[in-house]
Each structure stands twice: as C-alpha cells, then as structure tokens.
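Scroll down for the structure; my scribbles are underneath it.
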Amino acid sequence: MDNLIKALTETFGPSGEEDEVRTLIKSLAKGKIDRVYEDALGNLYLEREGPAPKIMVSAHMDEIGVIITHIDDNGFIRIAPVGGMSAQALPGKRFRFRSGTIGTVYHEKLKNIKELDWTKIYLDIGQPDRKAAMKLVNIGDLACYDQSFRAMEGGRCISKAMDDRVGCAVMLETINRLPRELPQAVCFLFSVQEEVGLRGATTAAYRYEPDYGIAVDVTLVGDTPKAHTMEVSLGKGPAIKVKDRSVLCHPLVRKLMVDAAAKNNIPYQLEVLERGGTDAGAIHISREGVPSGAISIPCRYVHSPSEVVDSADLENAVLLLEKLLTQNWPKQERSY
Ligand code: CO
Ligand code: ZN
C-alpha cells in the first residue's frame, strides 16, 4: 500500500480545492465500481449496488493548509489557517501552492516565544517585492505543507496529509478486494471540507440517504513521551471509535465492528477521542438520524507535516472494513 499512500499524500488538496485528489482517486477506482458521480461541492461518490440497507463509508480528501490574507511591499506574505493548525508549530516549515511555488514560514522579532501567533508569522516565497510576489500568488491562494512521503524502517511511514489520505487508501484498497456481489448497497464517499467542519459529508449524507454511516479517519494516540493519556497506540490495530467531539457512536454499529474484529482475529483498540471529529459526526445527524460509527487509523503528530502511521494498522483496517461490508447488516424498521 506504500505506493498508493505516497501518491495520495503527495497530492495537493487543501479544503475547498480537492480536485487533484478527486481526479487521482477516480483514476485509481476505474472499472471497480458500479456508479461514480460528484456533487456541486466536489464530493466524490463511488457506489456499489446491492439490496437494502444502504451503508455510507466516508473518508475525507481535504488536508489542512494556509490561505494568503495580505502581501506587503517587500513581498512578504501574511497567512491564516484553513483547518486546525497552530502558528507556534510553523516557523521553518515549508509550504507549496498548487502552482508549485514554495515558501517558508518565519516570524517577526519577539520578546518571548509565547507571543508567537498568526499576527507575527509570515511566509517568504523568495520574491523581492509585492509586484514580483503577485506574479506567482494572489490573495486567497491556498498552500499545503511541502513534505514528501517516506517509508521508515520496520513498517511505519511518515508524510503530510496522512489525515485523511490513509482513510482514502483504506477505502480504495477495500474496493479492490470486495467480491462481485454484496449483501447490501455501499457508497464510498470521498468527502470535501472535513477539516473546516465536516461540510462535504453533511450534504453527501443528505443526498445518499444511508441507513448506516462509517467514517474512516485518523485518530490521536497516547503512546508518545508524556502524551495526553489515551488508550490508543500505534501498531496495535485499527481503533473502533466510541466517541469524539462530533459523535457518540451508535452501539449497534460499534458492536458490529467489535464482533467482526473478534470473529476474524483482527487486532483492534477502542477509541475515546477527547478532541476532534470525523465525517460520522455529520452523517449521524443527517435527515432523521443515521446510526454511525468509525474505524480510526492510529496516527502520531496529527496535523503536523510529519504524521506517522503503521502499515499493519492500515492492513488490519482494510481487513476489518472488508469483513464488515461483506456481512449482513440488519434492515432498519421505521415506525411512524
Ligand atoms: Co484532520
Ligand atoms: Zn481527518
């Protein structure tokens, strides 16, 4: 899966400009799906037909980035975050625009490093003045971390945008392995604008009207030095979400996941995430309510340019999703 993850993570795709990622995913899924369509916001739907119920599985295509707010007379650029990014982590980090223009972030003179916030940092794209800079970029242009994918010794790998291109990779790999006939209909949603508030999944769930929802996204871990106390570790299997800030996972969906893992000897962990959300947060409150859960990929240093995941967790996430989608899900009775 390394090549797939390399291709996906190195593609440019900040929230609202996911088209290069969408084009790549469409080409990778060619011929393996019954129906492919997009909507007005740019969500990509890969549908597999089948009888009721309908399951929506979602991973987001967008990654966090920065947006140009101002360019000064000397060609220095002021930026604001698009998605969850801390100014304090940025000095020395490189960013790349869609055009290929790159720059590095640095900061004004500070009395104390604690003063460092978005008003004190700037992006330097190597131009002598505003006029020269404006030939390359404009107000409102988006840039993402400029950081390539690398496999580490022993099965872990490191890249920008593991959040959530690894989720996209897990879904694509699952699509590859599914049998011709499925016991129920499945829509693989590659959503837009998750990082700015689960916006793509909100409209996509309304359109597809699923009976169940599953998000595939990264989660934080508690296994690094003096980390915030948390159950999830890297390499101990995909995490079955219990809750995050956006969703309390439906007990039935959680049970189906736990049972499928146990029955097939797939290692798993239970996840209670105190920060952050996923597409399941949007799907489960769509229309009249959609029982939803999430399969999470343990990930270190989420939202940094060097997010680290373990290949065995990815492999086991694919296995879990495959087993889940090939088993019978209960039909939903509606009482009025
Ligand atoms: Co994220
Ligand atoms: Zn994510």
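Remarks
- Any hit, region 141-150, residues being farther than 15 Å from GLU10 by Cβ and at pLDDT 95 or above: yes
Yes/no matrix, rows are residues, columns are (1) over 19 Å from the mean Cα position of the chain (by Cα); (2) assigned by TED's automatic domain parsing to the domain that holds THR23; (3) assigned to a strand (DSSP E or B):
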residue: GLY154; (1), (2), (3): yes, no, no
residue: ARG165; (1), (2), (3): no, yes, no
residue: CYS168; (1), (2), (3): no, yes, no
residue: GLU195; (1), (2), (3): no, yes, no
residue: THR203; (1), (2), (3): no, yes, no
residue: ILE214; (1), (2), (3): no, yes, yes
residue: THR224; (1), (2), (3): yes, yes, no
residue: VAL232; (1), (2), (3): no, yes, no
residue: GLY237; (1), (2), (3): no, yes, no
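- Residues satisfying the stated conditions in region 173-189, i.e. exposed (fewer than 14 other Cβ atoms within 10 Å of the Cβ) and in contact with a Ser or Thr (Cβ under 7 Å, 6 or more places away or on another chain): PRO179
- Subset of region 276-316 [surrounded by fewer than 21 Cβ atoms within 10 Å (Cβ to Cβ), among the β-branched types (Val, Ile, Thr) and not in a loop (DSSP other than H, G, I, E, B)]: VAL308
- Residues (within 16 Å of ligand 1 (Cβ to nearest atom) and out of contact with any Asp or Glu (no Cβ under 8 Å at 6 or more places or on another chain)) located in region 63-89: GLY65, VAL66, PRO81, MET85, SER86, ALA89
- Top-ranked residue in region 107-136 [being part of a loop (DSSP other than H, G, I, E, B) and charged (D, E, K, R); ranked as nearest to the chain's Cα centre (by Cα)]: ASP117
Yes/no matrix, rows are residues, columns are (1) buried (at least 23 other Cβ atoms within 10 Å of the Cβ); (2) modelled with pLDDT of 95 or more; (3) within 17 Å of the chain's Cα centre (by Cα):
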| site | (1), (2), (3) |
| --- | --- |
| ASN3 | no, yes, no |
| ALA7 | no, yes, yes |
| LEU28 | no, yes, no |
| ARG35 | no, yes, no |
| MET61 | yes, yes, yes |
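- The single condition among (1) at pLDDT below 95; (2) over 20 Å from the mean Cα position of the chain (by Cα) that ARG275 does not meet is (2).
- Where VAL221 falls short, out of the listed (1) away from ligand 1 (no atom under 16 Å from the Cβ); (2) out of contact with any Gly (no Cβ under 8 Å at 6 or more places or on another chain); (3) farther than 29 Å from LYS331 by Cβ: (1)
- Sole residue being away from ligand 2 (no atom under 14 Å from the Cβ), of a type in the set (D, E, K, R) and modelled with pLDDT of 95 or more, chosen from LYS241, LYS255: LYS255
Residues are listed down the side, and each one gets a yes or a no for (1) more than 15 Å from CYS144 (Cα to Cα); (2) more than 16 Å from ligand 2 (Cβ to nearest atom); (3) hydrophobic (A, V, I, L, M, F, W, C):
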{"residue": "SER15", "(1), (2), (3)": "no, no, no"}
{"residue": "ASP39", "(1), (2), (3)": "yes, yes, no"}
{"residue": "LEU46", "(1), (2), (3)": "yes, yes, yes"}
{"residue": "ILE68", "(1), (2), (3)": "no, yes, yes"}
{"residue": "VAL82", "(1), (2), (3)": "no, no, yes"}
{"residue": "TYR106", "(1), (2), (3)": "yes, yes, no"}
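The values are calculated or read from the model by the stated rules, or taken from the named source; none is laboratory data. Since this is a predicted model, take the numbers as computed values, not measurements. Glycine gets a Cβ as well: all are built from the backbone with ideal geometry, and neighbour counts include every protein chain shown.
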